[in-house]
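Following: one structure in structure tokens, then a few remarks.
Values quoted throughout were computed directly from the atomic coordinates according to the rules given, and no laboratory measurement underlies them. What you see is a predicted model, and the numbers here were worked out from it, not measured in a lab. Here the Cβ is made from the backbone with ideal geometry for all residues, glycine too, and neighbour counts use every protein chain on show.
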Amino acid sequence: MAEAALADDLAADEGGKAKAPAKSKKKLFIYAGAGLGALLLLAGGYFMFFSGGKHAEKVEVVKAVYFDLPEMIVNLSASSERPQYLRVKVTLELPDNSVQDAVKTAMPRVIDAFQVHLRELRAVDLEGSAGLYRLREELMRRINIAIAPAKIRAVLFKEVVVQ
């Protein structure tokens, strides 16, 4: 039966040339689609087998509370030439509202810890990204001491200006 259909498909037309009817194109697309589907299934099985079949771990969304500290302007420790000033705006990244309450309660200590450290800095201490990184780490250490046992996640600079 299949041989007769194939023979009919390849029958010569009046000029003696073989022509490919529309049915063979449909079959070609069906076979190609089935082959591609089988290839995708095999590839998926291969990767599942060799990856251990582990499912993606759930990603936790980190929730944070942000708390703005008041703007601080301090004069930097400088030579006797002209005075230099630092203006800094800081936001604290907190894990939850309970830490925000601890920061509000200890605000005089926090401001004092920042002011004492900032007044000891020189303009060269704040140069480049390394200077700001060291400043961020030191301010974070000092605030965590002031609000212990609570801890903040990060000190974020909104503005740092040296004049």
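Numbers at a glance
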item: Amide H within-cut-off set for Tyr85, under 5 Å, with H built and near neighbours excluded; result: Leu76, Gln163
item: Rg(Cα) / (2.2 N^0.38 Å) computed for the range 65-162, rounded to two decimals; result: 1.08
item: Highest to lowest packing among 27-37, 102-112, scored as the average C-beta count within 10 Å; result: 102-112, 27-37
item: Other-chain or far-sequence residues with amide H under 5 Å of Arg153's (modelled H); result: Glu93, Leu94
item: Note, ³J(HN,Hα) from phi for the range 114-119, Karplus 6.51, -1.76, 1.60, rounded to Hz, x at Gly and Pro; result: 5, 4, 4, 6, 5, 5
item: Principal axes of the range 65-119: Cα extent on each, largest first, Å; result: 46, 17, 13
